[in-house]
Amino acid sequence: MSEFFSSPFVVLFPTAFFTLALYSFLYKDNPMFKFAEHVFAGLSAGYYFGLIHHSVIVQQLWTPLSEGTDWILIVPTVLGVLLFARYVPRIAWMSRLSLAFVIGSTAGIEFIRQLHGLILPQVSKTLMPLDSINNVLIIVGVLATLIYFYFSKPHKGVLGWTASAGIGFIMVAFGAHFGYTVMARVSLLIGRIQFLLIEWLRVAS
Amino acid sequence: MVVAFFGRGVVVDAVSDEALRWQTIVGGIALLLGVFSIVQVHWRRVATRHEDRVYSAILLLCLAVMAGFGVFGGVGTGSVYDWLFENIQSPMMATMFSMLAFFIASAGYRAFRARSVPSAILLVTAIIVMLGRIPMGQYLYDGLPGWATWIMTVPSVAVQRGIIIGAALGAASMSLRVLIGIERTYLGRG
Amino acid sequence: MSFWQLMQRLDRRIIYTLIFVSVIIPTLFPLKLPTAVTPETMSFFNAVDSLPAGSRILFPFDCWPSTRAETEPMAVAALRHCFRKNLRVVGLSNVGMGGPSVLENVMNRIAEENGKVYGVDYVNLGYKANYQAVLLGMGSSIETIFPADHRGTRLADLPLMREVPNYDSLVYTVIVSDNAMIDYWVSLVNARYSMPMVAGVTAVMAPKQMSYVQAGQLQGLLGGMKGAAEYETLVGAVDKANRGMDSQSLIHLLIIGFIVLGNVGYFMTRNDKREYHGERG
Amino acid sequence: MKILSTTVTTLLVFNIWAATAFAQDAAPTGIFRFERINILIAAVLFSAAVLWYIRRAVNGEKFYIRPLPGLSAVDEAVGRATEMGRPVVFIPGTGELDKIQTIAGLSVLGRVAAATARCRTPLRVPVLYPLPMAAANEVVKQAYLDEGVYEPLDPQTVQYVAGESFSYSARIGGMMLREKPAAAIYMGEFSAESLLIAEMGQAAGAIQIAGTAEPEQLPFFIASCDYTLIGEEFYAASAYLSGEPKMLGALRGQDLMKIVLVIVILGGVASATIGWGEQIWRSLLQTL
């Protein structure tokens, strides 16, 4: 009896159950999927809560504050607490201050990052001599794609012609990427089926 | 403008580091808002005897259990928190991820119709690359895997680069619009 | 409704069922479809095959459990090859969650199969945070970075590790990676310590990594499950990857078949648009 | 409101200043990083181009902007939802608020929320992270107020649903099948869950409009959605939808920079090919 309870079938039963419950959704919505879906959402929110509690609230906020080394952290704490102002109608606008801080700093950081980290290096990589078919194609492809995004004129004449070349290139790239990704996604499915058939049911080896 | 990026020194670096650290902390505290939201929605379902109230109760229970163990019961290997993650949550993540195998097939089947020249190009490259990836394709025509790799390393790279440059221009312009305050739906139009 | 109209708007569940079947059948009954070996896999095999017996190699397994279906077969085939050639393997992982335990599991299984002893023929160093410090630090002293192995044994108590103070005593590196760690291995360890290396990466990453192969920074490359299957064939131990490739071939052909049928249907019924409302833009 | 704007402006000035932490590498000493002067020039040029066109727009100049089919579809989608009496789902991506794509998505949300408020069509905004949720809440609340809808927001409108992207997708899938939204709009940063969400929406019969700057996810949106905004088009979406001259002016400035980049590429390629002067172009673009 105890052998049965320590068999992989029983030990892995919860894992297998939830795996099958999620797959059942592919057929149609059903109580088993609904159950799994809500358990999944609850667990993951709880997991995230635990994670943030330890890695942010305790490690980055509480510890430095309680050691009295980093008083400046009171400012983000206040900004964080201000987010809850929206539950008090009279001071609800204050929660926007915190959001303005985050959105503003993001915009500031991104403005330079896009120029420094993306535009300049990507353009720089494209400055290649026209000494092979591949180089020519890459340069033409980059230019055509870029021109496809030009907003200020209708896509007619030379611009229209270039933009059509651009959309052609884009479709080649997207088709290729799509086809290429099939294998990676099927691998994931194979992994789950191998779990069910080999590790759990042990009907194959 | 943008002094810190071009300047250096103790004060400047400290301020910029601080901004990122603050974002993390504000985000951490905001998590409580998220929990408020989830509890508000599902508690109401339980209280108003909504048809899905049982599921909502299950969700709240799982949330409480997982968060409770996470905060009070330790998170290391061998803890309940870790066990629940390893045996329930993580396999469910893998299962959802693997559903993409089905969806990539249904999406491809439905969308890849040669209705226009661009969609015909899309369709043909997708088929060439798919054939180039499997041994069967190589038996059909020896050069197929080479073609597939060439498409991935030449035209595809060019397009990625074009999209990245274009998107970066768009993102920089977006940031600028936020910074000078003309793009602020998030603060109202006042 | 004609056959071609039917082919145009097949219920998605029929597609799902066929995909399930295409995975389940080869898992239960291997079809043993042939695999053709690509040059990158061939050079991966040759590089490992030409190492003299007894050589010490580094074996980083930088993978998340979610890509296990692709990465584990590569690790299995590579370790089989190494142990059969009597190489001695120092494993580690730069992915904290799940990496070291999958590696431990695979190493023990393949070692047992080949009669290899832990501590003498192979070691699993486990995981340490801050990969840049790990990769560079191991160049001067492995023991400073990993005072103990994954099982908690001090390195001084492991005969293999006594012979390996740093990268100088390791002749080769075989990497299995599902993330950008591979870039750091190439740009830090290959570039600074001129450590020769080969790598197995996921299918999605493979095209980008080809540039390292062309530049000679990687001496060979396994791309995803396909690379693993080819390598299994070369090592002469057909296993999960080949079975997986059977499913892969079936599903790829299935999708291509559906797309072709859908298109034939589209052209056959293009003229009677009134009956067809299944699709938008 | 005045005080608020002033505070925000102060914060923004501070933030531009703070906008750096990602580049703290060791470099030669000195107060000013002269090796980065090219980036300063690029930043100034870019800002100047955008600001100049905004100024011209404010002075009443009209600019032509090529129509984007995906965007005219937004109104159509909201209209369809109203007719059918079913909700509109909006997902501002699955990124944190520290991603510019999330902010761009939220700007589009403002326009969509205004449209749904006008038609009194229910809106569902499930969000993956708490901070974007708080921001989405403000955006929707403001849009409703601007359209004269004063009832308090239903907590179901903007909601936090799960702690990580796969459980999030599972919840979205369930929601799609049960509530059967008439329209689904996905604008923001997405990773692998893009196709999960879009196929589930497709199965639920929603008209779908997507926009993202992730090159990896675009093929899946193209396959699964009715309209897809690619990269730069996605960032331009909120400007298009607002129709404000200032915003369209900004797009014009961005286009001018595009022409500059095309010229730089052509010039650099020509130099590299004839083997003369390549270094000048390279030093223009170097990033240290």
Please indicate, with yes or no, whether at least one residue in segment C:88-97 is at pLDDT below 90 and either surrounded by fewer than 17 Cβ atoms within 10 Å (Cβ to Cβ) or out of contact with any strand residue (DSSP E or B) (no Cβ under 6 Å at 6 or more places or on another chain) (or both).
yes
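Yes/no matrix, rows are residues, columns are (1) in contact with a helix residue (DSSP H, G or I) (Cβ under 7 Å, 6 or more places away or on another chain); (2) over 30 Å from C:His150 (Cα atoms):
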site: C:Gln8; (1), (2): yes, yes
site: C:Thr17; (1), (2): no, yes
site: C:Leu31; (1), (2): yes, yes
site: C:Pro39; (1), (2): no, yes
site: C:Met42; (1), (2): no, yes
site: C:Ala53; (1), (2): no, no
site: C:Ile57; (1), (2): yes, no
Looking only at segment C:1-40, and only at residues there that are hydroxyl-bearing (Ser, Thr, Tyr) and not in a helix (DSSP H, G or I), the one that is farthest from the other protein chains (Cβ to nearest Cβ)
C:Ser2
Which numbered condition trips up B:Glu18, out of (1) within 23 Å of the chain's Cα centre (by Cα); (2) facing chain A (nearest Cβ under 9 Å); (3) under 29 Å from A:Gln60 (Cβ atoms)?
(1)
Kindly establish whether A:Ser44 is among the polar types (S, T, N, Q) and more than 7 Å from chain B (Cβ to nearest Cβ).
no
Residues of segment B:65-81 being part of a helix (DSSP H, G or I), surrounded by 15 or more Cβ atoms within 10 Å (Cβ to Cβ) and facing another protein chain (nearest Cβ under 10 Å), in sequence order, are B:Val65, B:Met66, B:Ala67, B:Gly68, B:Phe69, B:Gly70, B:Val71, B:Tyr81
Is it the case that segment D:265-281 has a residue that's in a helix (DSSP H, G or I) and farther than 29 Å from A:Asn134 by Cβ?
no
Which of (1) under 15 Å from the mean Cα position of the chain (by Cα); (2) without any contact (Cβ under 8 Å) to a residue 12 or more places away in the chain does C:Glu72 not meet, given it meets every other one?
(2)
Residues (modelled with pLDDT under 90 and either at the interface with another protein chain (Cβ under 7 Å from one of its Cβ atoms) or surrounded by 23 or more Cβ atoms within 10 Å (Cβ to Cβ) (or both)) located in segment C:247-266
C:Gly262, C:Tyr266
In segment A:155-205, anything out of contact with any helix residue (DSSP H, G or I) (no Cβ under 8 Å at 6 or more places or on another chain) and either within 11 Å of chain C (Cβ to nearest Cβ) or not hydroxyl-bearing (Ser, Thr, Tyr) (or both) is listed as A:Lys156, A:Gly157, A:Val158, A:Gly160, A:Trp161
Of everything in segment D:61-89, what is closer than 20 Å to D:Glu189 by Cβ and either in a helix (DSSP H, G or I) or modelled with pLDDT of 95 or more (or both)? Give them in sequence order.
D:Gly70, D:Leu71, D:Val74, D:Val89
Quick test for you: out of A:Ser95, A:Ser2, pick the one residue that is hydroxyl-bearing (Ser, Thr, Tyr) and either buried (at least 19 other Cβ atoms within 10 Å of the Cβ) or modelled with pLDDT of 85 or more (or both).
A:Ser95
Limited to segment C:158-213, what total is found for residues that are within 14 Å of chain B (Cβ to nearest Cβ) and crowded, with 16+ Cβ neighbours inside 10 Å?
12
Which ones in segment B:85-138 are over 19 Å from A:Ala16 (Cα atoms), among the polar types (S, T, N, Q) and either more than 7 Å from every other protein chain (Cβ to nearest Cβ) or surrounded by fewer than 24 Cβ atoms within 10 Å (Cβ to Cβ) (or both)?
B:Ser116, B:Ser119, B:Gln138
Taking segment B:157-174 and keeping only residues that are surrounded by fewer than 24 Cβ atoms within 10 Å (Cβ to Cβ) and more than 7 Å from chain A (Cβ to nearest Cβ), one is left with none
If the Cβ limit is 6 Å and pairs must be 6+ apart or interchain, which residue in segment B:125-147 that is small (Gly, Ala, Ser) pairs with which residue that is crowded, with 20+ Cβ neighbours inside 10 Å?
B:Ala126/A:Gly175; B:Ala126/A:Phe178; B:Ala126/A:Gly179; B:Gly132/B:Leu144; B:Gly132/B:Pro145; B:Gly132/B:Ala148; B:Gly137/B:Leu131; B:Gly137/B:Leu144
Counting only helices (runs of 4 or more DSSP H) entirely within segment A:54-117, those with at least 2 residues that are at the interface with chain B (Cβ under 7 Å from one of its Cβ atoms) and more than 22 Å from D:Leu153 (Cβ to Cβ) are A:74-82, A:95-113
Could you tell me which numbered condition C:Gly119 fails, if it satisfies all but one of (1) free of Cβ contacts under 8 Å to residues at least 40 places away in the same chain; (2) at positive phi?
(1)
Given (1) part of a helix (DSSP H, G or I); (2) β-branched (Val, Ile, Thr); (3) touching a residue at least 60 places away in the same chain (Cβ under 8 Å), where does C:Val238 come up short, assuming only one miss?
(1)
Name the residues in segment A:1-38 that are in a helix (DSSP H, G or I) and aromatic (Phe, Trp, Tyr), would you?
A:Phe4, A:Phe5, A:Phe9, A:Phe13, A:Phe17, A:Phe18, A:Tyr23, A:Phe25, A:Phe33, A:Phe35
Taking segment C:55-80 only, how many residues are at pLDDT below 90 and either surrounded by fewer than 24 Cβ atoms within 10 Å (Cβ to Cβ) or touching a Cys at 6+ places or on another chain (Cβ under 6 Å) (or both)?
4
Return the residues of segment B:134-180 that are among the basic types (Lys, Arg) and closer than 21 Å to A:Thr106 by Cα; say none if nothing qualifies.
B:Arg177
With the condition kept exactly as written, say whether any residue in segment C:248-267 is farther than 30 Å from B:Tyr139 by Cα, in contact (Cβ under 8 Å) with a residue 24 or more places away in the chain and not acidic (Asp, Glu).
no
If the requirement is being at the interface with another protein chain (Cβ under 7 Å from one of its Cβ atoms) and assigned to a helix (DSSP H, G or I), which of these qualifies: D:Leu241, D:Leu256, D:Leu261?
D:Leu261
Can you pull out every residue in segment B:34-64 that is assigned to a helix (DSSP H, G or I), at the interface with chain A (Cβ under 10 Å from one of its Cβ atoms) and touching a Lys or Arg at 6+ places or on another chain (Cβ under 7 Å)?
B:Tyr55, B:Ser56
Against the definition (touching a Lys or Arg at 6+ places or on another chain (Cβ under 6 Å) and more than 22 Å from B:Leu144 (Cβ to Cβ)), how does C:Arg12 come out, yes or no?
no
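The values are calculated or read from the model by the stated rules, or taken from the named source; none is laboratory data. If you're wondering where the values come from, they're calculated on a predicted model, not measured in any experiment. Virtual Cβ from ideal backbone geometry, glycine too; neighbours counted across all protein chains shown.
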